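Below is one structure, written out as structure tokens; the observations come after it.
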Amino acid sequence: MSGAPEGLQPVNPPALGAPLGYSNGIVAPAGWRWLFVAGQVAWDLEHRIVAEDFATQFSRALHNVLVVVSAAGGAPQHVARLTIYVTDRQEYLAATRRIGEDYRRQM
């Protein structure tokens, strides 16, 4: 995220070049609560993986992250960092557009 969510200050030193889709660092104001969300996967309430394709799995995993954030009293704009682990680079690259669209829709 190159633009920081409300209340968060991005740290992007010129010596690292312009980030694309993220910030190199984020500073939160004093007194904020911190929530660390465990790794989420693309499963439903019964712990069944919702689909085989990467983009649909990403969408569900992001949904699951945001459910945790909401349960803690937060909202999508309060997410400071999101890490995606990829096991098939080619499938990820092929799904990049759908992933971006879904990310913007949910966040």
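The values are calculated or read from the model by the stated rules, or taken from the named source; none is laboratory data. All values reported here derive from a predicted model rather than from experimental measurement. A quick note on method: Cβ atoms are made from the backbone with ideal geometry, for glycine too, and the neighbour counts reach across all protein chains shown. The accessibility values were calculated without ligands, DNA or RNA, using every heavy atom of the protein model including side chains. Shrake-Rupley method; radii C 1.70, N 1.55, O 1.52, S 1.80 Å.
When each of R98, R105 is tested for being open to solvent by 80 Å² or more (accessible area, probe 1.4 Å), at pLDDT 95 or above and either over 27 Å from G7 (Cα atoms) or of a type in the set (F, W, Y) (or both), the lone residue that passes is R98.
Only one entry in V68, V86 is at pLDDT 90 or above, assigned to a loop (DSSP other than H, G, I, E, B) and either surrounded by 12 or more Cβ atoms within 10 Å (Cβ to Cβ) or touching a His at 6+ places or on another chain (Cβ under 7 Å) (or both), namely V86. One residue alone among R60, R81 is part of a helix (DSSP H, G or I), touching a residue at least 12 places away in the same chain (Cβ under 8 Å) and of a type in the set (K, R), and that residue is R60. Taking each residue of the range 37-48 that is in contact (Cβ under 8 Å) with a residue 24 or more places away in the chain and within 15 Å of S59 (Cα to Cα) and looking for partners that are open to solvent by 80 Å² or more (accessible area, probe 1.4 Å) and in a loop (DSSP other than H, G, I, E, B) with beta-carbon atoms closer than 8 Å, six or more apart or interchain, yields G39/Y85.
Taken over the range 1-46, the residue count meeting the criterion of being of a type in the set (A, V, I, L, M, F, W, C), open to solvent by less than 60 Å² (accessible area, probe 1.4 Å) and at pLDDT below 90 is 5.
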